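Written out below as C-alpha cells is the structure these notes cover.
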Amino acid sequence: MTGMFGIEYRPLSAVLLPIIVAFLILLSNKRPNLRESWTLLGSVLLFLTVSSMSPIVLAEGPIQWTWFNLLPNIDFAFNVDAFGLVFATTSSSLWILVSLYSIGYMRSLKEHAQTRYYFCFALALLGAIGIALSSNLVTMFVFYEILTLSTYPLVAHEESPEAISAGHKYLAYLLGGGVFFLIGILMTYLLVGTTDFNAHGILSPALGPASKLTLQVVFFCFLLGFAKAAWMPVHSWLPSAMIAPTPVSALLHAVAVVKAGVFGVIRIVCYIYGIDLMQELGLGLALASIAAFTIVVANLYAIGQDNLKRMLAYSTINQLSFILIAVALLSPMAVAGAMLHITFHGFMKITLFLCAGAITAISGKKAISEFKGLGRAMPITMTAFLIGAFGMFGAPPLAGFISKWHVVLGAVQSGQLVFLTIILIGSILDVVYFCPVIINTFFGKMPETETLKGDLEEKVEVYSEKVERLETKRPIYYFMIIPLAITAVFSIIFCILPNTFSIYDLVQMAVKDIFGGM
Amino acid sequence: MGDLAKEFVTTYNYWVYIILMMIGLYAVMVKNNLVKKIIGMNIVQTAIILFFISIGAKRGATIPIIAHGHNGGEHAVHAADYINPLPHVLMLTAIVVAVATLGVALSLAIKIYQEYGTLEEDDIRTQTREE
Amino acid sequence: MNPGQNDIIILMVVAPLFASIIVPIVGWRAKKLCYSLTILAVLISLFSSLITAKTVMNHGPVQYYLGGWKPPWGIEFYIDHLNAFIAVVVTFISFLGVIFSKTNVENDLPNKEGAFYSLFLLLITGLLGIVLTGDMFNLFVFLEVASLSSYALIAMGEKGAMYASFRYLLIGTVGASWYMLGVGYLYIVTGSLNMANLSELLPALYQSKTILVGFAFILFGVGIKMALFPLHAWLPDAYTYAPSAVSAMVAPLMTKVMIYVVIRVIFTVFQPEFTVDMIQATSILSWFGVLAILFGGIMALSQTDFKRMLCYIIVGEIGYIVGGVGIANATALKGAIFHILNDALMMVCLFFVAGMVMYRKKGHRISDFKGIFREMPFAAIIFTVGALAVIGVPPTGGFFSKWYLLLGGIEAKHWGFVVALLISTLINVALFARVFDKGLYVHGHGSDHSSESTDHSSGTLVQKTPLSMWIPAVIVILAILLAGIFNQAILKNIVQFAVPSGL
Amino acid sequence: MKAFALIIVILCAGLLIYGTSDFPPWSDPESPASTHVSPYYIEHTIEDTSVPNIVTSVLADYRGFDTMFETIVIFTAGIACFFLLRVTKREDHESRLYHHLVTGVTLRIKEGGKLPDESEEFRRVDTEWVPYSLIIKITCRLIVPFIMLFALYVIAHGHHSPGGGFQGGVIIGAAMILFAISNDLRAAILRLSEKMATFFCSAGVFIYAGTGLLCLLLGLNFLDYGALAKILFTDPVTARSHGILAVEIGVGIAVMGVVVSIYYNLSSAGKHDEGL
Amino acid sequence: MNWQIEFIILTMVIILGIGAITVKDLLGAGILFGAYSFMMCLLWAIMGAVDVAFTEASVGAGVSTVFFISAVFRTTRGTKD
C-alpha cells in the first residue's frame, strides 16, 4: 500500500491525527455536538491506526519513519517497536472511552471552557503517542514537553486560585524535570554522538572515556527528568493535580502522563543504558531502592487519605514505583511484568478514577467517609470500583494478577528477595487502604435525610430504606457508566486473555529484543 | 629648554584629551541638569576629536593642501611634507555627528521641559515616581 | 566577478536611503503613499539581501568597493556568511516591523507620518550599514545614523518616553564615542581603518598596551549599545515607553546588530589567538553573559508591565548570545549566531503581541492581558508561540539555538553558563505562565461558572485587530516554527560558515 | 553616585593613560598612522582627482561613502527635531503681542481675544519683545547677503582651500539664523519657509546620493565619479573633480536646510511663531 | 613661540570645559561652551587641521552655541548645579 496509509506513513498519521482533531475542535468552538464528534472520531481512528501497526511489528519488526533532520545525527523520526506499541495501544484505546466519559462528565457538571478542554486533551494525546513512537531522545523530548504544556491548562481547568497554584506546581515539577532531561540528552549526545534507542543500550561505549560517576550522574538527571513517573520525592505534583476534572485525572494522571514517565524510565534503562551497563554501574539497585522507598511511603500516605481522588493519586504513585522496581530488577520476567503493568494498571486505575468521577458527578460526594450506602445507589459504578480495587492488589481473576505474577517471578529470578518482600508488603498495604472505601460503600448505611448535591437541577432526597438508582437517572449519565463498565470488563479480560490487543505478544517481543529471550 | 617644553606640550595634548574626556564623562554621570549633561556629552566628543587630530600631527609637515596644486603633475608630492589628512576627514564627520546629536538632545530637553516643567533630573525622577 | 554583478548589494542600503529622503516630501501631499513607499523600499532591501546571501552561499565572500577605491584606501562592503545572515535577519524583521507600524502611526502620530517613516527607514539603513560595512569608522557613522533615528523614534512614545530616550541618547552617545576612541587607538598604531587590513596588521602588535586599551574601549562602547549587563540601564525604560511599532522593530534588532559587531571585532578584526588565548576577553565576556542571563531573568520576574518584562528578557537573551560568543568554541558560536535569528524573531513576535494588546486595551501591563485568549484568540496564539520559543520548547527555533549553546557550554566545561541557561529557562516558564494565566483563566475564584458565554465584556469590544497587524504576526510565527524545523538547513548552509575559521 | 562616578572616571583615565604609554612618539613622521594609508592620499590626490585639498578629496571621494552618511546623520537630526518638536495644531488661546504701527502702541491680546488682522496697521511681535535696535537690524540685513556669498565661495573653493560643503552650508544656515535673530522668526520663515527648508534637506542628500546612483547606473561602482566622464565628456580625473563639486553642493544645501530647520524648531519649541 | 600659545590654549580649554559644566547659569554655560569650542578650533588650526578648525568654528562655536541658547531660551536659565 502506498500513500498516506501505507505502512511507513502510519506512525506519522498516528501523530498527525490528534493535531488535526485538535484544530477541528478549535474550529467548531460554537457547536458542542460537532466538537465532541470530532474527539470521538479522532480517538477511534487513532486507535485503529495504532492497533493496525501491531501485527506488522510482530511480523516484520519495527516500522521506521524519518521526517527530517533535526540536529546532526538526530532526526525527527519515529520507530514503532513492540514496547512503544504497548504504550501507544493503551493510551489510544483508553482515549476513546475517556472521550465518551468526558462528554457525560463535562455536560452533567456544566463545565466552562469545554473547547479548551477538548483541545488540550487532543494535544496531550499527541504527546503521549509521540513519546511512545519516537525513535530517539530528542524526538521524545519534543513530545514530552508538548504533553507537559498541554496538560497544564487541564490541571488548572477549574481556574480557582487553588487550581492555578496546582497548575503552577505541576509546571514547575515537570518542566524543571524537563530541564534535567535535556541535560541528560545533551550529555548522551556528547558522549556517544547519537540518541537513538537501541534494545541493547547505546551508552556502553562511553564507559571508557567517561567515568562511571559521570554516567551515574547522567542517569539521575534522566530520572529527575522523568518526574512524570512521580517517584518520591518528586511526586507531590500528582496529588495536587487531582484538582483537575476527573477525566483528566483518569486518562492523564493514571495513564498518559505518569505512564509516559515510567515509559521513559524503561526506555532509558533498557534502550539507552542497556541491561549490562545498568548492572555494571549498579544503577539497578539504586533505582530499586528509590522505588521501594516510594512504595512504602506512598502506601502509608494513601491510608490516611479521605479524599478518594487523592487516595487514588497515592495509589498511582505506589503502582508506578512498582513498575520502576520491576524494571530495576533487570531480569527478563520482571521487565515483562513492568511492561504489562503499564497497560494493565492503566485499565484498572482508569476504572477507579472513572468511578470516582462518576460518584462526584452523580452524587456530589468526594470524601470516602461520605460514601456510606452508595453501593446500593450506584451498583454498577461500585462493582466496577471493586474490580479495580482488587486488581490493584493483584487478586487472581484480574489483570493485576498477571503482571504482578511476572514481577514476583522476576524478583525470584534475579534473587532480590528484599525487594520481593517489599513488593508483597506493598500489595498487602493496597488492601488496607482500599478497605475503608469498600466497607463504607457496601456495608455502610447512608445517613437519613441527606441531600445529594450533584444534580444541579433537582435536589434528590435519598433515604437508606428506599434507595434510588442514581446512576440511571438521567440519560447523560450513561456516557459515564458505560466507559467505566467497559474498562472494568477489560480488567477481567486481560487476566483471562492477556493477549488482547496483542499486548502479551508485544511485550514478549520487546523483552526478547532486550534480553535475547524470556 | 625649548625642546623639553615642546616635548611636554606635545604629550600634554594627550593629557588634555584624557582630562577633557573625564570632565565630560563626569558631567554626563553626575550633573543633575540635562543641559549640563548635554554639554558634558559634547565635551567627551570634542575630546576624542582632539585625540584624533593629535594622531594626525606630523613633524615638519604643513597643512594638507598641496601647494601649486593647479599644475600638480610637475611637482613631485612627498607624503612627509603634508600632515596626515585622514584623521581630519574622520573628525569632520565626527563634528557633524556631534552637532546632529546636540540638536536631537536639545529637542529632547525642550520636550522634557514641556512635559515635566523642569530640567533637573531629580525633580523628573520624583515626578515619575509619584505616578 | 565583474563590478556590475554585485550592484545588488549596494541596493540593500540605497533603497531605504532614497526612500527616506523622498518620504518626508511625499508626506506633505499624500500621507498614504509614505507607507507604501516604505514597504516598497524595505522589500527591495529584503530581496537584495536574499540575493546577496545566495551569492555568498554559492561563491563565498563578496566585496563591494564604494567609489571604486580599493581598501584600505576606500571603504568596502565585505560580506561573508555572517554578514549575509545578519543582513537577511535585519531586512526581514524590518519588513515585518514596517508592515506592523501602520495603525500605530495613524493613531498615535497624526501629521508626522512622513517624518516617522523617514526615520524608520534611516534606522533600517543604519542597521544594514553596520552589518555590511568593512570599515571600522564607517561603522561608527552608520551607528550614529541608526542611533539618532532610534532616539527620536523612541521619544515619541507614551509619557516617560522622552526622558527614557534622553538617557538613552546620553549613554548611547558616550558608548559610540568610546567605540570611536577605541578605533582611534587601533588607528594610531596601525594606520588603517579597514577591518580586513587591520586583521592583517594587528597580530604583530598583540603585545601593545594600546591595542589592549583600544579593544577594551571598543568593547565597552558596543557593550553599552547592546545593553550588556551591567551597561543595560537605559534599555528597559527606552523600549517600554517607545511606540509599539518602534519597540517591535528596535528591540529585536538594535541589540542583535551590536552583538554582530562584537563577534566581528572579537573574531575578525582581532583574531581568536588574541581575544581568546592572550587576554581571555572571551572568558570574561562569557561570565558577563552569565550575569546578564541571571539578572535579566530575576528582574523580569519582578515586573508588572509586559513590555518591561520583555525588555529584561532581552537583557537575558543578550546574555545568552554573549555567553555563547564568550565560550568561543564552534558549537557555542554556531548557537549564538543562530540565536541572533531566533531571538530577533521571538522578540518581534512578542512585541507584536504587546502592540496588539496596546491597540485593543490601551495598555501593556500584564493585567491588560486578562482574557485575551477569549477576546483576541489570534493574538493569544501568537503570544503562545512566541512564549514557547523564548522558553525554548521544540520545535520552535529557540530550542535549537539553546541546544547548541548548551552543547557548546558543556564542551567547554563552562558550567556556570550551562546552569544559568537552564535556570533562565525555568524563569522564562514562570514569566510566561503568569501572563498565560491572566490571559486564559478569566473565570477565576470559582465565581461564575455560567458555561461558555462569550459576551462577558459587554461593549468593550473595540475595533478588530487590523490586517496590517496580523499579517506580519502570522509570518513571524511561521518563521519561528520554520526556523526550528529547518534549523539544519540554516545551520549547514550558512551559519556553519559564519563561525570564524580560527576556532 | 558622585563617588561612584568619580571611581569610574578615574578608572577610565587610568586605562587611557595605560594605553597611551605604547603610543608612537608624538608627531612622528614614521608613525604607522602617517605611513600606512595616508601617504597614498597625499601622493595620489592630484592624479586621481585633481583636487589639491587632500581633505576634500578624501572626504568626498576616497571616503565619500562616509561623508554621504555624515550628511545622512545631519539629515536624520533635522527630521528628528521636526518629528520631536513640531506642533502642528494651532493653539489660539495664547496671549499675543501686537504692535500698532501708526501709533507705536503695543497691544496685548489676552487668551481667546479677537486677533487683529495682520495688516499695514498691526504687526505681531514676540511675547518677550524688546524694541529692536535699528542699527543691529539694518546691519545684519546688510551683512547677511555677504555672508551667504562667502559661504558660496567656501563651497565652490573647497577644492583648493579649507572649506567645502559642510562649512559653506553651515555658514548659509548661520546667515539665515542671524537674520532670524536680528528680525524675528516670522520674518525668516517668510523668506525660507519650513517646507522649503525640509525640501532643501532632502534635495541636498538627494543630490549626493543621486550622484552616487548615477555612477552606478553609468556602469561603475556606487559613488565612483569616474563614471560621470561619460556624460560630462571629460576624462575620469576631471569627472572626479566635478563629481566632488556636485557632492559638495549637495552637502551644502542639505546642511543649510537642516541647520535652519533645527533652529526654527528649537527656538520656537516647534510652534514656528516666536523665536529668539 | 608656537608651543607657548599651544600650551596656553590647551590650559584654557580645560578651564573653559570645567567652567561650562560648573557655572550656575545655563546661558552662561552655553556661551562658555561656545568659547571652549572656539579655543578647540584655534588649537586645531595650530595643529594644521585647517578644515576641521574651519568646521569647528562654524559648527561648534557658531551653530552649536545658537542651538544651546535657543534651547535655554525655550526652557529655563537657572539650575541647581
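The values are calculated or read from the model by the stated rules, or taken from the named source; none is laboratory data. The shown structure was predicted, so the numbers you read here are calculated from the model rather than taken from an experiment. Heads up, the Cβs are rebuilt from the backbone with ideal geometry, glycines too, and the neighbour counts pull from every protein chain shown.
Six or more apart or on different chains, Cβ atoms under 6 Å: show the pairs whose first residue is in region A:217-243 and without any contact (Cβ under 8 Å) to a residue 40 or more places away in the chain and whose second is buried (at least 21 other Cβ atoms within 10 Å of the Cβ).
From region A:217-243, the pairs are A:Val218/A:Gly184; A:Val218/A:Met187.
If you check every pair at least six apart or on different chains, which have Cβ atoms under 6 Å apart with a residue in region A:329-354 that is farther than 12 Å from A:Ile266 by Cα first and a residue that is modelled with pLDDT of 90 or more and not in a helix (DSSP H, G or I) second?
Listed by first residue and then by second, the contacts come to nothing, as the list is empty.
If you scan region C:376-399, which residues turn out to be touching a residue at least 60 places away in the same chain (Cβ under 8 Å), in a helix (DSSP H, G or I) and within 9 Å of another protein chain (Cβ to nearest Cβ)?
Answer for region C:376-399, where residues must be touching a residue at least 60 places away in the same chain (Cβ under 8 Å), in a helix (DSSP H, G or I) and within 9 Å of another protein chain (Cβ to nearest Cβ): just C:Phe399.
Check region A:75-95 and report whether any residue there is among the polar types (S, T, N, Q) and either at pLDDT below 85 or over 26 Å from the mean Cα position of the chain (by Cα) (or both). Can you show your working first?
So in region A:75-95, the residues among the polar types (S, T, N, Q) come out as A:79, A:89-93.
Checking which are either at pLDDT below 85 or over 26 Å from the mean Cα position of the chain (by Cα) (or both) leaves us with none.
Scanning region A:75-95, I find no residue that is among the polar types (S, T, N, Q) and either at pLDDT below 85 or over 26 Å from the mean Cα position of the chain (by Cα) (or both), so the answer is no.
Pick out the one residue from D:Leu276, D:Leu266 that is surrounded by fewer than 24 Cβ atoms within 10 Å (Cβ to Cβ) and either over 15 Å from D:Ile172 (Cα atoms) or modelled with pLDDT under 95 (or both).
On the way: D:Leu266 fails: surrounded by fewer than 24 Cβ atoms within 10 Å (Cβ to Cβ).
None of the others qualify; the one that does is D:Leu276.
Restricting the first residue to region C:486-497 and requiring it to be facing another protein chain (nearest Cβ under 9 Å) and at pLDDT 85 or above, which pairs with a second residue that is crowded, with 21+ Cβ neighbours inside 10 Å and outside any helix (DSSP H, G or I) meet a Cβ separation below 8 Å and a spacing of at least six or different chains?
C:Asn487/A:Leu70; C:Gln488/A:Leu70
A:Gly410 passes all but one of (1) modelled with pLDDT under 85; (2) under 22 Å from A:Gln508 (Cβ atoms); which number fails?
Among (1) modelled with pLDDT under 85; (2) under 22 Å from A:Gln508 (Cβ atoms), A:Gly410 violates only (1).
Can you give me the number of residues within region A:207-220 that are in a helix (DSSP H, G or I) and surrounded by fewer than 20 Cβ atoms within 10 Å (Cβ to Cβ)? Working first, answer last.
Of all residues in region A:207-220, those in a helix (DSSP H, G or I) come to A:207, A:212-220.
When the remaining residues are screened for being surrounded by fewer than 20 Cβ atoms within 10 Å (Cβ to Cβ), the result is A:207, A:212-214, A:216-217, A:220.
Number satisfying all stated conditions: 7.
Residues checked against (1) without any contact (Cβ under 8 Å) to a residue 24 or more places away in the chain; (2) of a type in the set (Val, Ile, Thr); (3) out of contact with any Gly (no Cβ under 7 Å at 6 or more places or on another chain); (4) at the interface with another protein chain (Cβ under 7 Å from one of its Cβ atoms):
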site: D:Met1; (1), (2), (3), (4): yes, no, yes, yes
site: D:Ile7; (1), (2), (3), (4): yes, yes, yes, no
site: D:Cys12; (1), (2), (3), (4): yes, no, yes, yes
site: D:Ser21; (1), (2), (3), (4): yes, no, yes, yes
site: D:Glu30; (1), (2), (3), (4): yes, no, yes, no
site: D:Thr35; (1), (2), (3), (4): yes, yes, no, yes
site: D:Pro39; (1), (2), (3), (4): yes, no, yes, yes
site: D:Ile42; (1), (2), (3), (4): yes, yes, yes, yes
site: D:Asp48; (1), (2), (3), (4): no, no, yes, no
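Under the condition of being part of a helix (DSSP H, G or I) and more than 24 Å from A:Ala510 (Cα to Cα), which residue from region A:185-202 is farthest from the other protein chains (Cβ to nearest Cβ)? Quick ask: steps written out before the conclusion?
Here is the first cut: in region A:185-202, the ones part of a helix (DSSP H, G or I) are A:185-192.
From the residues that got through so far, the ones that are more than 24 Å from A:Ala510 (Cα to Cα) too are A:186-187, A:189-191.
On the way: A:Leu186: 5, A:Met187: 7, A:Tyr189: 7, A:Leu190: 6, A:Leu191: 10 Å.
Of everything passing the filter in region A:185-202, A:Leu191 is farthest from the other protein chains (Cβ to nearest Cβ).
Would you tally the residues in region C:70-82 being in contact with a strand residue (DSSP E or B) (Cβ under 8 Å, 6 or more places away or on another chain) and buried (at least 24 other Cβ atoms within 10 Å of the Cβ)?
The number of residues fulfilling the criteria is 4.
In this structure, does C:Tyr151 turn out to be closer than 17 Å to D:Thr76 by Cβ, more than 7 Å from every other protein chain (Cβ to nearest Cβ), touching a Ser or Thr at 6+ places or on another chain (Cβ under 9 Å) and assigned to a helix (DSSP H, G or I)?
Details: closer than 17 Å to D:Thr76 by Cβ: yes; more than 7 Å from every other protein chain (Cβ to nearest Cβ): no; touching a Ser or Thr at 6+ places or on another chain (Cβ under 9 Å): yes; assigned to a helix (DSSP H, G or I): yes.
So C:Tyr151 fails the test.
Taking the condition of being crowded, with 21+ Cβ neighbours inside 10 Å and either assigned to a helix (DSSP H, G or I) or of a type in the set (S, T, N, Q) (or both), how many residues in region C:400-418 meet it? I'd like the intermediate steps shown before the answer.
Restricting attention to region C:400-418, the residues satisfying the condition of being crowded, with 21+ Cβ neighbours inside 10 Å are C:400-409, C:414, C:417-418.
Among the residues that remain, those that are also either assigned to a helix (DSSP H, G or I) or of a type in the set (S, T, N, Q) (or both) are: C:400-409, C:417-418.
Final tally of qualifying residues: 12.
Every residue in region D:191-209 that is free of Cβ contacts under 8 Å to residues at least 12 places away in the same chain and of a type in the set (Gly, Ala, Ser), please.
Result: D:Ser193, single match.
Which residue out of A:Ser91, A:Ser54 is crowded, with 24+ Cβ neighbours inside 10 Å and in contact (Cβ under 8 Å) with a residue 40 or more places away in the chain? Full working, then the answer.
On the way: A:Ser54 fails: crowded, with 24+ Cβ neighbours inside 10 Å.
None of the other options fit; the residue is A:Ser91.
Among the residues that make up region C:25-42, is at least one of them over 21 Å from D:Phe222 (Cβ atoms), within 9 Å of another protein chain (Cβ to nearest Cβ), in a helix (DSSP H, G or I) and not basic (Lys, Arg)?
Yes: region C:25-42 contains one or more residues that are over 21 Å from D:Phe222 (Cβ atoms), within 9 Å of another protein chain (Cβ to nearest Cβ), in a helix (DSSP H, G or I) and not basic (Lys, Arg).
Check B:Thr46, B:Thr101 and return the single one that is assigned to a helix (DSSP H, G or I), free of Cβ contacts under 8 Å to residues at least 60 places away in the same chain and within 19 Å of E:Thr65 (Cβ to Cβ).
On the way: B:Thr101 fails: free of Cβ contacts under 8 Å to residues at least 60 places away in the same chain.
The match here is B:Thr46.
Please go through region D:21-49 and pick out each residue that is in a helix (DSSP H, G or I), of a type in the set (A, V, I, L, M, F, W, C) and within 18 Å of B:Arg59 (Cα to Cα). Spell out how you get there, then give the answer.
So the first thing to find is which residues in region D:21-49 are in a helix (DSSP H, G or I), and the list is D:32-35, D:38-49.
Imposing the further condition that a residue be of a type in the set (A, V, I, L, M, F, W, C) reduces the set to D:33, D:42, D:46.
D:Ala33, D:Ile42, listed by residue number.
Only one of these is among the charged types (D, E, K, R), over 30 Å from A:Lys169 (Cα atoms) and at pLDDT below 80: C:Lys464, C:Lys413. Name it. Steps first, answer last, please.
Numbers: C:Lys413 fails: at pLDDT below 80.
Going through C:Lys464, C:Lys413 in turn, the sole match is C:Lys464.
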